[in-house]
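Worksheet: the structure to be examined is printed underneath.
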Amino acid sequence: MSISSVNKNFKLPKRKVADAKEISKGILKGDIVQLSRAITLMESKLPQHRTIAHQILDTCLPHSGKSIRIGITGVPGVGKSTFIEAMGNYLTSIGKKLAVLAIDPSSQKQGGSILGDKTRMETLVNNPNVYIRPSPSKGALGGVAQQTRASILLCEAAGFDVVFVETVGVGQSETAVHSMVDFFLLLMLAGAGDELQGIKRGIMEMADAIVITKSDGDNVLNAKKAVRKYKNALHLFPPNTNGWVPDVVQCSSVSNEGIEEVWNIIDRFERHTKAKGFFEKNRNEQSKYWMYEKINEELKRRFYENEEVKKQLPELEEKVIQGELSPYTVAHLLLKKS
């Protein structure tokens, strides 16, 4: 084709600007495409995208709050994705709509992310009553936690009555997830040496239930022993203020043994905490916590985006390295400029 035959007046169509009202309307109708758009805007670092995302969130907020929010964690290899798929299939079979929000590990050096949850949950991906959204952490847990908290509210507004938040494993992310869910589920393996070895006390104390996974075949007896060990270990911890006693059960996600029992525990927990007034109290405390977290995040962002700070930071940093100024003095000087 010759150059002369090219239409010089042709212009690519302008990309449609995201409209907060249109997206909000779609979410409230259960439109998954619009829900995904909203979450993508929430994850964006562009100020204009954040503004639109906050408008959407404010519109959807009155329609949220009607789900049970469940945090799911466990050491790598415990079978979180397999468990979620088995539990998801059970929940949809009893008429529930499930949203799965997965905080995936990201490379600290390269920034890559293992967004593999959709490939590991083959049947759930094709289930019209399930929505799966992996979110790469990019090494910045605070920001991802904020986005996940907002994503929960958007999923609820879209009509999902059960929300799973899957974490990267036993570590720092568990504390963040615990502060945004109603029920915290810890998955553990049996037959991997001393089950209590290396388990942080804090993680155990956060758990509302412990599930020993892969309880099938030759591992059933080991799972039963692990259940007893964990039940004994839980007695060493102080009782929960809400009066709930964490349970320990075994299950097999392959044969679906124990899946219904796990859901029954969650259902009992919800009824127990709502009857005692702790369910709403916990959510109110979480909302307050995330408000202050957002304030801290915004203060930090505005500080580093300040032109005076950006201009003087490299020079002052070098003075700290050379021992000419203390970190405390530099911090004080820069904060006065922001």
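Read-outs throughout are calculated quantities, based only on the coordinates presented, and are distinct from any laboratory measurement. Quantities reported herein were computed from a predicted structural model and do not represent experimental measurements. Using ideal geometry, Cβ is built from the backbone for each residue, glycine included, and neighbour counts are taken over all protein chains shown.
Listing for the model above:
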| item | result |
| --- | --- |
| Whether the range 17-63 is rounded, prolate or oblate, judged on the alpha carbon gyration tensor where a/c under 1.5 counts as rounded | prolate |
| Residues VAL245 and SER287, FRET efficiency given R0 of 30 Å [Cβ-Cβ distance, rounded to 0.05] | 0.70 |
| Computed magnitude of the charge dipole of the range 229-277 (debye, nearest 20; Cβ of K, R +1, Cβ of D, E -1) | 300 |
| Backbone N under 19 Å from the SER338 label point (7 Å along Cα→Cβ), restricted to the range 39-58 | 45-47 |
| Rounded to whole Hz, the Karplus (6.51, -1.76, 1.60) HN-Hα couplings of the range 251-262, x for glycine and proline | 7, 10, 6, 6, 9, 6, 6, x, 5, 5, 5, 4 |
| Peptides 329-336, 55-62, 145-152 ordered by average Cβ neighbours within 10 Å, highest first | 145-152, 55-62, 329-336 |
| Cα shape, the range 266-312, gyration tensor, a/c 1.5 rule | prolate |
| Gyration tensor (alpha-carbon) shape descriptor, the range 293-337, a/c threshold 1.5 | prolate |
| Two-site label geometry, LYS311 and ILE94: point separation in nm, points 7 Å out along Cα→Cβ | 6.3 |
| Using θ = phi - 60° and Karplus 6.51 cos²θ - 1.76 cosθ + 1.60, couplings along the range 273-283 (whole Hz; Gly, Pro as x) | 6, 5, 5, 8, x, 7, 4, 5, 4, 4, 5 |
| For ALA102, distant residues with modelled amide H under 5 Å away | ARG133, SER135, GLU166 |
| Distant-in-sequence amide H partners of MET188 (H built 1.01 Å from N, under 5 Å) | VAL211, ILE212, THR213 |
| Hz values of 3J(HN,Hα) by residue in the range 331-338 - Karplus curve (6.51, -1.76, 1.60), Gly and Pro given as x | 4, 5, 4, 5, 5, 5, 8, 8 |
| Placed amide H near VAL75: partners under 5 Å, 5+ positions off or other chain | VAL170 |
